[in-house]
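What follows is one structure encoded as structure tokens, with my remarks underneath.
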Amino acid sequence: MLFYCIFLPANHAALAQSKTAVDLANGQSITIVTLPNWLNDSGKPVNQALDALETLTNASHQGLDPTDYHTAALWGQFIRLADGEKLTPLEQQAFNEQLTSSLEKYLNDLRNGRVDPHEVHQKFKPRPQPVFNARAYIAEAFQQNRVREALREAQPQVPMYDALVNAMAQYRLLAQHPAWSTPLPMPQGKKLEPGQPYTALETLTSRLIALGDLPIETQAPHEYDKTLETGVRAFQLRHGLETDGIIGPATLRQLNVSPEQRYEQMTLTLERLRWTPLQSHRRMVVVNVPEFVLRAYETDQQGNIDLKLRMKVIVGRALDTSTPVFDEDMRFIEFSPYWNVPPSIARGETIPRLKRDPAYFNRQGFEFVKSDGSVSSQLSETNLQAVLSGQARIRQRPGPLNALGDIKFIFPNNTNIFLHHTPAPQLFERSRRDFSHGCIRVEGPVALAQFVLENDPAWTRERIEQAMQAGKSQTIRLNEPIPVVLAYGTVIIREGKVYFYDDLYGHDASLSKALKKKR
């Protein structure tokens with residue numbers, strides 16, 4: 001059966017109901033929806049018109065732009081009508097239609113975002129969603145006399161959205177705080193350590209108190225002391241910095257970011273949450289690239305989300321091998337994997353290294369795989385030329401030096417990105433972890449494998465570890481594919497605190513530019 005909607009103005013004499021379903025002889029159905037009449041019989045705005053206008057005026061609280069919804073013009077007409085000025089029937093109709101149209105745009109922006117994610121490097125697949133008819137939603141809310149509540153309920157029901165909206169409210173207030181009236185100066189020697197003097201200790205103390213990194217009763221000291229160092233460490237932790245308590249150029253730069261800039265950063269994060277495919281499946285793996293963190297989630301039958309796993313990751317280098325942002329289903333795990341050296345790495349790094357140091361070939365456990373599938377363990381100019389001409393590839397055998405470590409999590413995609421372990425776990429101790437060629441190295445491979453294989457009781461922790469250490473490649477297919485989302489959020493709310501991260505790949509800048517272009 002097909003369904004259609006017909007919208008008629010509220011004063012249409014033929015309709016007395018908000019919704020009327022008409023069944024046609026051919027089995028199709030037309031739903032007729034009466035649009036709201038925001039004016040009473042005297043031509044004055046009803047209370048729900050005020051609710052609607054106030055919501056549009058406060059669109060910035062949702063990271064949206066009130067000017068997109070003609071709020072100034074609507075307020076002008078509203079005030080004239082409220083003051084008893086008589087408008088012509090055409091003017092009244094125009095007010096009704098414009099207010100409804102603005103609400104419709106607001107709802108669609110709120111739920112779906114204003115920018116196509118593919119325009120800003122986010123290659124998410126289209127999500128199957130329930131049909132949402134904004135005009136019918138408005139009409140029903142109006143009939144039930146709950147426009148304000150319905151508009152509030154329409155916001156995305158995704159993790160962290162409410163917390164971000166609340167954090168934005170706090171940073172709107174911080175924009176007026178005197179602690180940001182002047183920037184903090186560079187310390188002498190370009191770093192400030194405990195026991196040293198500093199000309200802006202009072203401003204620094206006030207700023208850390210306002211941000212919640214120091215208790216409100218903290219007094220400004222005469223020199224940079226342990227108390228302030230504690231506050232700086234808390235600040236550094238929330239901004240993806242080395243938590244050494246030293247105010248150097250990187251920490252000073254973050255300290256001098258204004259609340260207005262942080263507010264804008266949060267609006268961009270809200271925009272991304274509208275089209276990032278979160279909470280769309282019962283079990284998910286989400287990697288937040290700028291945060292260098294992987295999380296695994298499970299949703300119960302009541303819709304409650306449980307964080308099952310959190311670990312550090314290493315992502316692609318910002319300069320030349322950035323990790324793409326997309327979503328795919330994990331379908332395979334390879335234990336003791338081979339590493340097929342990508343052609344670009346083979347040409348740019350591996351072959352030049354082998355020509356300088358032929359012994360590197362055997363040390364790393366390399367071999368050549370020709371186009372006919374035959375394998376050669378001989379380093380020769382003929383084999384190297386075959387790689388350069390595309391007639392062969394270099395691969396690394398399983399073992400302790402294998403670049404993929406001892407496990408690989410495969411979610412087939414056209415960029416050949418996957419999750420894997422690493423033989424260099426010391427890199428996880430760095431605060432900034434963009435070291436890879438694009439794939440994602442995980443800190444806790446056994447824990448991730450346990451989560452992925454949770455529904456297969458045959459794969460115990462002991463069996464997983466044995467397969468990882470076997471030295472013989474083994475690929476298994478998952479009983480149930482698990483969605484993997486490679487996301488990009490530079491603001492995270494965790495345990496009530498706001499964490500900010502650098503715009504690693506410039507995606508925030510691209511999104512901001514796209515939004516300004518839309519306006």
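How many residues does region 321-341 contain that are in a loop (DSSP other than H, G, I, E, B) and at pLDDT 90 or above? Quick ask: steps written out before the conclusion?
Here is the first cut: in region 321-341, the ones in a loop (DSSP other than H, G, I, E, B) are 321-324, 336-338, 341.
So of that shortlist, the ones also at pLDDT 90 or above come out as 322-324, 336-338, 341.
Total meeting the criteria: 7.
Step by step: first the residues of region 480-519, then only those that are among the acidic types (Asp, Glu) and surrounded by fewer than 20 Cβ atoms within 10 Å (Cβ to Cβ), then the one that is farthest from the chain's Cα centre (by Cα). Which residue is that?
Glu480
Which number in (1) closer than 27 Å to Phe292 by Cβ; (2) aliphatic (A, V, I, L, M); (3) buried (at least 19 other Cβ atoms within 10 Å of the Cβ) marks the one condition that Ile394 misses?
(1)
Against the condition basic (Lys, Arg) and in a loop (DSSP other than H, G, I, E, B), how does Arg135 come out, does it pass?
When the stated conditions are applied, Arg135 does not pass them.
Taking the criterion of being under 27 Å from Gly303 (Cβ atoms) and either hydroxyl-bearing (Ser, Thr, Tyr) or touching a residue at least 24 places away in the same chain (Cβ under 8 Å) (or both), would at least one residue in region 169-191 satisfy it?
There is at least one residue in region 169-191 that is under 27 Å from Gly303 (Cβ atoms) and either hydroxyl-bearing (Ser, Thr, Tyr) or touching a residue at least 24 places away in the same chain (Cβ under 8 Å) (or both).
Considering (1) over 12 Å from the mean Cα position of the chain (by Cα); (2) modelled with pLDDT under 90, say which one Thr276 fails and leave the rest.
Just one mismatch for Thr276, condition (1).
With the structure loaded, tell me whether Ala449 is touching a Phe, Trp or Tyr at 6+ places or on another chain (Cβ under 8 Å), over 22 Å from Val158 (Cα atoms) and of a type in the set (Gly, Ala, Ser) or whether it fails that test.
Values: touching a Phe, Trp or Tyr at 6+ places or on another chain (Cβ under 8 Å): yes; over 22 Å from Val158 (Cα atoms): yes; of a type in the set (Gly, Ala, Ser): yes.
When the stated conditions are applied, Ala449 passes them.
With (1) of a type in the set (Lys, Arg); (2) at pLDDT 95 or above; (3) within 27 Å of the chain's Cα centre (by Cα) as the list, and Arg430 as the residue in question, which single condition is left unmet?
Failing condition for Arg430: (2).
Regarding Arg477, is this residue over 23 Å from Phe292 (Cα atoms), surrounded by fewer than 20 Cβ atoms within 10 Å (Cβ to Cβ) and within 32 Å of the chain's Cα centre (by Cα)?
Against the criterion (over 23 Å from Phe292 (Cα atoms), surrounded by fewer than 20 Cβ atoms within 10 Å (Cβ to Cβ) and within 32 Å of the chain's Cα centre (by Cα)), Arg477 qualifies.
Whether any residue in region 447-464 is modelled with pLDDT under 95 and touching a Ser or Thr at 6+ places or on another chain (Cβ under 9 Å) is what I want to check.
no
Would you mind stating whether Ala509 is within 26 Å of Asp162 (Cβ to Cβ), in a helix (DSSP H, G or I) and not assigned by TED's automatic domain parsing to the domain that holds Arg331?
no
Residue-by-condition table, conditions (1) in contact with a Phe, Trp or Tyr (Cβ under 8 Å, 6 or more places away or on another chain); (2) modelled with pLDDT of 95 or more; (3) assigned to a loop (DSSP other than H, G, I, E, B); (4) in the same structural domain as Gly113 (by TED's automatic domain parsing):
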site: Met266; (1), (2), (3), (4): yes, yes, no, no
site: Arg272; (1), (2), (3), (4): yes, no, no, no
site: Leu294; (1), (2), (3), (4): no, yes, no, no
site: Tyr297; (1), (2), (3), (4): no, no, no, no
site: Gln301; (1), (2), (3), (4): no, no, yes, no
site: Leu307; (1), (2), (3), (4): yes, no, no, no
site: Leu319; (1), (2), (3), (4): no, no, yes, no
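I need the full set of residues from region 201-243 which are under 20 Å from Gln170 (Cα atoms), charged (D, E, K, R) and in a loop (DSSP other than H, G, I, E, B), in order please.
Of everything in region 201-243, those that are under 20 Å from Gln170 (Cα atoms), charged (D, E, K, R) and in a loop (DSSP other than H, G, I, E, B) turn out to be Asp213, Glu217.
Which of the residues spanning region 397-423 are farther than 20 Å from Leu294 by Cα and surrounded by fewer than 16 Cβ atoms within 10 Å (Cβ to Cβ)? Reasoning before the result, please.
So in region 397-423, the residues farther than 20 Å from Leu294 by Cα come out as 397-402, 414.
Matches in region 397-423: Gly399, Pro400, Leu401, Asn414.
So, Ser322, is that one in contact (Cβ under 8 Å) with a residue 40 or more places away in the chain, polar (S, T, N, Q) and touching a Pro at 6+ places or on another chain (Cβ under 9 Å) or not?
No.
Report whether or not Val325 is touching a strand residue (DSSP E or B) at 6+ places or on another chain (Cβ under 8 Å), farther than 25 Å from Gln426 by Cβ and crowded, with 17+ Cβ neighbours inside 10 Å. I'd like the intermediate steps shown before the answer.
Numbers: touching a strand residue (DSSP E or B) at 6+ places or on another chain (Cβ under 8 Å): yes; farther than 25 Å from Gln426 by Cβ: yes; crowded, with 17+ Cβ neighbours inside 10 Å: yes.
In short, yes.
So which pairs qualify, if the first residue must be in region 227-255 and on the phi > 0 side of the Ramachandran plot, the second must be in a helix (DSSP H, G or I), the Cβ gap must be under 8 Å, and the two must be at least 6 apart or on different chains?
Gly240/Pro290; Gly240/Glu291; Gly245/Glu229; Gly245/Thr230; Gly245/Val232; Gly245/Arg233; Gly245/Gln236
I'm trying to understand the selection: among the residues of region 129-187, which are on the phi > 0 side of the Ramachandran plot and buried (at least 16 other Cβ atoms within 10 Å of the Cβ)?
Of everything in region 129-187, just one residue is on the phi > 0 side of the Ramachandran plot and buried (at least 16 other Cβ atoms within 10 Å of the Cβ), namely Met160.
Restricted to region 50-74, and to residues that are surrounded by 19 or more Cβ atoms within 10 Å (Cβ to Cβ) and small (Gly, Ala, Ser), which residue is nearest to Arg172 (Cα to Cα)?
The qualifying residue nearest to Arg172 (Cα to Cα) is Gly63.
Please go through region 472-506 and give me each residue that is within 25 Å of Asp162 (Cβ to Cβ), of a type in the set (Gly, Ala, Ser) and outside any strand (DSSP E or B), ordered by number.
Gly489, Gly496, listed by residue number.
The values are calculated or read from the model by the stated rules, or taken from the named source; none is laboratory data. These numbers come from a predicted model, not from an experiment. Please note: Cβ atoms are built from the backbone with ideal geometry, for glycine as well, and neighbour counts cover all protein chains shown.
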